[in-house]
Amino acid sequence: MSKAPHTRRSFQCRALFGLGLMLVGVHAQAAPQRLVISAASSLSDAMVEIGQAFERAEPNRRVLFNFAASTLLLNQLERGADIDVLATADVETMDRAQAERLIEPASRTPFAANDLVLITPRTGPTPTRLQDLLQPEFKRLGIGNPATVPAGRYAEQVLAQEGLSDLLRPRWVRAENVRQVLQSVALGEVDAGFVYKTDALRELRRVNTVMTLTQHAPVVYPVAQVRSSKQPFLARQFIAFLQSPFSQAVLKRHGFDTI
């Protein structure tokens, strides 16, 4: 009789230990695969929709996005940020990432294209040609910082081609990404601004798209697996998914040109 409590305690301990192992096993099995994607700000709406569909295809996946100007994304990667996939709004930034051996070149591929446009507030003056921006009513011009924002570099190329860069630079209101330019125009904080076609489509009620600009390098979006990715297989799966008919349809619906 004196051994019964000890026996019961031993059985309870073994049962609890077994339950603990079972719970640990379930937790380990349910732990999601985490994929971190750094993408240009102009991709945010389409990418979130594509990421959600990628998660639904396999419940054990979790996609986390980091949106910013392309050069800032590269700077984060250079400083060792935990990133699996890089998607930029220009070829130049991806070229730099490849030159610095930060991406896997074999995984690199273009997946979308865009157009640069000039927009104005709905209630403001409307230029009919770029030279009209020299008029006094266009005191403030929104532009992504050319040092970090591809849309700003494209705009700078356009203005240089027209011989307007030096004349208009004093009027530039530099933004940290193209979405900030869009908001500045929509709120009437600037008199005109350079954004992507896809951005302008988000604010049809508050901005006018005055003209599409072509005097610049093609606006092509490349994507690549980051060399230091902790999820290289999952990263390549996402890159392939970006090129699927579903993702290309999403991009097109958001105003991108597909490749």
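The values are calculated or read from the model by the stated rules, or taken from the named source; none is laboratory data. All of these numbers come straight from a predicted model, not from anything done at the bench. Note that we place each Cβ from the backbone using ideal geometry, even for glycine, and neighbour counts take in every protein chain shown.
From the list ALA68, ALA151, the lone residue that is under 14 Å from the mean Cα position of the chain (by Cα) and in the same structural domain as LYS197 (by TED's automatic domain parsing) is ALA151. Working only within region 83-109, note down all residues that are buried (at least 19 other Cβ atoms within 10 Å of the Cβ), in a loop (DSSP other than H, G, I, E, B) and out of contact with any Lys or Arg (no Cβ under 8 Å at 6 or more places or on another chain). If the condition is that a residue be buried (at least 19 other Cβ atoms within 10 Å of the Cβ), in a loop (DSSP other than H, G, I, E, B) and out of contact with any Lys or Arg (no Cβ under 8 Å at 6 or more places or on another chain), then ILE83, THR88, ALA89 are the ones that fit. Test VAL173 against the criterion of being part of a strand (DSSP E or B), farther than 29 Å from GLU78 by Cβ and modelled with pLDDT of 95 or more, and give yes or no. Criteria not met by VAL173.
Annotation note: Cβ proximity below 6 Å between a residue of region 48-65 that is more than 14 Å from ALA235 (Cα to Cα) and crowded, with 16+ Cβ neighbours inside 10 Å and a residue that is at pLDDT 95 or above and charged (D, E, K, R) (sequence gap 6+ or interchain) occurs for no pair. Is there a residue being touching a residue at least 12 places away in the same chain (Cβ under 8 Å), in the same structural domain as ARG62 (by TED's automatic domain parsing) and in a strand (DSSP E or B) anywhere in region 226-245? Looking through region 226-245, at least one residue is touching a residue at least 12 places away in the same chain (Cβ under 8 Å), in the same structural domain as ARG62 (by TED's automatic domain parsing) and in a strand (DSSP E or B).
Among the residues of region 110-148 satisfying the criterion of being within 30 Å of GLN225 (Cβ to Cβ), in contact with a strand residue (DSSP E or B) (Cβ under 7 Å, 6 or more places away or on another chain) and of a type outside the set (Phe, Trp, Tyr), which is surrounded by the most Cβ atoms within 10 Å (Cβ to Cβ)? Can you show your working first?
In the first step, residues of region 110-148 are kept if they are within 30 Å of GLN225 (Cβ to Cβ); the result is 110-116, 144-148.
In the following step, the residues that additionally are in contact with a strand residue (DSSP E or B) (Cβ under 7 Å, 6 or more places away or on another chain) were identified as 110-116, 144-145.
Keeping just the survivors that are of a type outside the set (Phe, Trp, Tyr) gives 110, 112-116, 144-145.
Working: PRO110: 14, ALA112: 27, ALA113: 14, ASN114: 27, ASP115: 19, LEU116: 24, GLY144: 33, ASN145: 19.
Selected residue: GLY144.
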